[in-house]
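Chemist: The structure's right below; bear with me while I get my questions together.
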Amino acid sequence: MRTIESIAELRAAVADWRRAHPGGTVGFVPTMGYLHEGHASLIRRSAAENGLTVVSVFVNPLQFGPNEDFDRYPRDPGRDRRVAEAAGCDLLFMPSVDEMYPRPTATRVVISGLTERLCGASRPGHFDGVGTVVAKLLHIVMPDHAYFGMKDAQQVAVIERMVEDLNFPVRIVPCETVREPDGLAMSSRNVYLNAEERRQAVILYETLQLAEEKFLEPGMTPGKLAEAMRESIRRAPLAVTDYAEVLTWPDLRLPEERPFDAMPPGSRFIAALAVRFGRTRLIDNRLLEIRTPAGKE
């Protein structure tokens, strides 16, 4: 594995590889570092599906608000190198903030509509920062495939829409959320949790399991399901709900308030939640789809 810090050097390395491997594909995994098994699973998939895998480690200041955790976001470059190499990374891009933003950005990527609810509502400007940095990284790497974890499903929806609207020559590959043995979604922020917060944090997974079950109940509506999610979260004394919503997928709109079993087969929804334990904010989600009844295909 080769570690690169400059944009020019990375572009040259990818161009050299493409010249030496005509017809080969490049996979890309953008991360903010502090790599764990969830990131490693994305890297392994890219390595299995492409001839060259590029991983970026960059804590992007544009997507953090004034009172958020940019300065204390966990960082461990040595661990990142070890995890990335073991998972099959070929080029590890670790730019500085000055390398990515040599002067204040006059240009931002704004994805409207999909960013007005969920994390976009509680973190104003967050997805402008995400869209801007992902657009920059995609232009720098120019991959054929880019891999994103579904733990942040709103981010996946936003990036897919940006790529579609702006005709980026890349296929976005959503990948299943990797979880701890008790179901908690793996996240770099999990290290912030104290022992009791970590024990109670499993309520996110339990709530989504409940949502999946109740989704199938006759007469269940989006509003009733969202309220059942909020009620479930309240079972954890330390949990403070940021949001617990049921939206259409992938356009992230409020669905009609009518029973799911009266909606057309193939209709898709997302049950999404964000919960705080102390200063730590965790997110998770579950995709739900109305299936065609057996025998009626």
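The values are calculated or read from the model by the stated rules, or taken from the named source; none is laboratory data. Predicted, not measured: the structure shown is a model, and the values here were computed from it. Glycine also receives a Cβ, built like all others from the backbone with ideal geometry; neighbour counts cover every protein chain displayed.
Chemist: Need the failing condition index for R253 against (1) modelled with pLDDT of 95 or more; (2) crowded, with 16+ Cβ neighbours inside 10 Å; (3) not β-branched (V, I, T), just the number.
Modeler: If we test R253 against (1) modelled with pLDDT of 95 or more; (2) crowded, with 16+ Cβ neighbours inside 10 Å; (3) not β-branched (V, I, T), just (2) comes out false.
Chemist: Just need a number here: residues in the range 190-205 that are surrounded by fewer than 16 Cβ atoms within 10 Å (Cβ to Cβ) and assigned to a helix (DSSP H, G or I).
Modeler: 4
Chemist: Surrounded by fewer than 22 Cβ atoms within 10 Å (Cβ to Cβ), in a helix (DSSP H, G or I) and in contact with a strand residue (DSSP E or B) (Cβ under 9 Å, 6 or more places away or on another chain): does that describe R81?
Modeler: Yes, satisfied.
Chemist: Taking only the range 93-120 into account, find how many residues are among the acidic types (D, E) and under 21 Å from the mean Cα position of the chain (by Cα). Spell out the reasoning first.
Modeler: If we filter the range 93-120 for residues that are among the acidic types (D, E), which is where we start, we get 98-99, 116.
Keeping just the survivors that are under 21 Å from the mean Cα position of the chain (by Cα) gives 116.
Number satisfying all stated conditions: 1.
Chemist: Given the conditions (1) modelled with pLDDT under 95; (2) surrounded by 19 or more Cβ atoms within 10 Å (Cβ to Cβ), which single one is not true for M162?
Modeler: Of (1) modelled with pLDDT under 95; (2) surrounded by 19 or more Cβ atoms within 10 Å (Cβ to Cβ), only one is false for M162: (1).
Chemist: Just to be sure before I move on: is R179 of a type in the set (D, E, K, R), over 16 Å from I111 (Cβ atoms) and under 16 Å from the mean Cα position of the chain (by Cα) in the structure I sent? Talk me through it step by step, then tell me what you get.
Modeler: Numbers: of a type in the set (D, E, K, R): yes; over 16 Å from I111 (Cβ atoms): yes; under 16 Å from the mean Cα position of the chain (by Cα): yes.
Yes.
Chemist: On the basis of being touching a Ser or Thr at 6+ places or on another chain (Cβ under 7 Å) and under 18 Å from V133 (Cβ atoms), does V57 make the cut?
Modeler: yes
Chemist: If you scan the range 167-185, which residues turn out to be in a strand (DSSP E or B) and at positive phi?
Modeler: none
Chemist: Residue check: is P222 modelled with pLDDT of 95 or more, buried (at least 20 other Cβ atoms within 10 Å of the Cβ), not basic (K, R) and not assigned by TED's automatic domain parsing to the domain that holds G120?
Modeler: On the way: modelled with pLDDT of 95 or more: yes; buried (at least 20 other Cβ atoms within 10 Å of the Cβ): yes; not basic (K, R): yes; not assigned by TED's automatic domain parsing to the domain that holds G120: yes.
In short, yes.
Chemist: Need a quick list: strands (runs of 3 or more DSSP E) entirely within the range 1-71 having at least 1 residues that are under 17 Å from the mean Cα position of the chain (by Cα).
Modeler: Numbers: elements: 2-4, 26-31, 52-57.
Strands (runs of 3 or more DSSP E) meeting the threshold: 26-31, 52-57.
Chemist: While we're on this one: Need the failing condition index for D284 against (1) within 17 Å of the chain's Cα centre (by Cα); (2) part of a loop (DSSP other than H, G, I, E, B), just the number.
Modeler: Only one criterion in (1) within 17 Å of the chain's Cα centre (by Cα); (2) part of a loop (DSSP other than H, G, I, E, B) is unmet by D284, namely (2).
Chemist: Restricting attention to the range 91-141, which residues are in a loop (DSSP other than H, G, I, E, B) and touching a strand residue (DSSP E or B) at 6+ places or on another chain (Cβ under 7 Å)?
Modeler: Residues satisfying the conditions are M94, R117, L118.
Chemist: Being touching a Lys or Arg at 6+ places or on another chain (Cβ under 9 Å) and not hydrophobic (A, V, I, L, M, F, W, C) is the filter here; which residues of the range 154-175 pass it?
Modeler: Q154
Chemist: Can I ask one more? Have a look at R117, R72, R108 and point out the one that is surrounded by fewer than 19 Cβ atoms within 10 Å (Cβ to Cβ) and more than 22 Å from E160 (Cα to Cα).
Modeler: R72
Chemist: For the range 79-98, what are the residues that are hydrophobic (A, V, I, L, M, F, W, C) and free of Cβ contacts under 8 Å to residues at least 40 places away in the same chain?
Modeler: V97
Chemist: Give me the pairs: first residue in the range 133-157 and more than 20 Å from H36 (Cβ to Cβ), second residue surrounded by fewer than 24 Cβ atoms within 10 Å (Cβ to Cβ) and among the aromatic types (F, W, Y), beta-carbon distance under 7 Å, and six or more apart or on different chains, which are they?
Modeler: L138/F168
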